[in-house]
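Just so it is clear, none of the values below were taken in a lab; they were calculated from the coordinates. Keep in mind the model is a prediction, meaning the values are calculated, not measured. Neighbour counts are summed over all protein chains in view; Cβ atoms, including those assigned to glycine, are modelled from backbone coordinates with ideal geometry.
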Amino acid sequence: MNQLEIYRRVINKLLNSEMKKKYGYNDLIFYLNPIQYISNREIVSFHGFKEIVTIYFKNPNSKYLSDTLSLDLKNCLNSIIPYVEGGGCKKVSSVLIKIINRFVSK
């Protein structure tokens with residue numbers, strides 16, 4: 001396992017705990033897209049990063065919640081990534097959200 005994979009896993013754990021604490025939902029699961037994360041670190045960009053986050057919901061969501069989550073995820077990632085990777089990283093400029101509704105059978 002290389003260093004970027006370890007960083008991504010730690011960021012996922014911290015991101016899940018922070019966002020669940022902020023929204024109070026235990027049925028939200030957040031995953032940082034591994035391909036986008038690694039390609040952002042391998043390719044030199046001067047404009048910042050665009051990250052992709054997959055969110056798994058148990059309940060249906062609204063568009064307002066999706067927009068609010070996008071902004072909160074960007075702020076949360078910008079505060080978590082420098083602590084995990086070190087001081088020399090660029091800020092996340094935008095977050096693309098992929099929402100997947102999980103269906104629970106009764």
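Figures for the structure shown
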item	result
Order of CYS89, CYS76 under a 10 Å beta carbon neighbour criterion, fewest first	CYS89, CYS76
Ranked list, fewest to most other Cβ atoms within 10 Å of each Cβ, for LYS98, LYS90	LYS98, LYS90
Projected label distance in nm at SER93 and VAL10, using a 7 Å step from Cα toward the beta-carbon	2.7
Spin-label pair LYS22/GLU85, simplified geometry with 7 Å Cα→Cβ offset, distance in nm	1.8
Segments 47-55, 33-41 sorted - mean Cβ within 10 Å per residue, highest first	47-55, 33-41
Residue order, fewest to most surrounding Cβ atoms within 10 angstrom, among LEU28, LEU73	LEU28, LEU73
Extension reserve of the ILE52-LEU71 stretch, reckoned as 0.36 nm per residue once the Cα distance is removed	5.6 nm
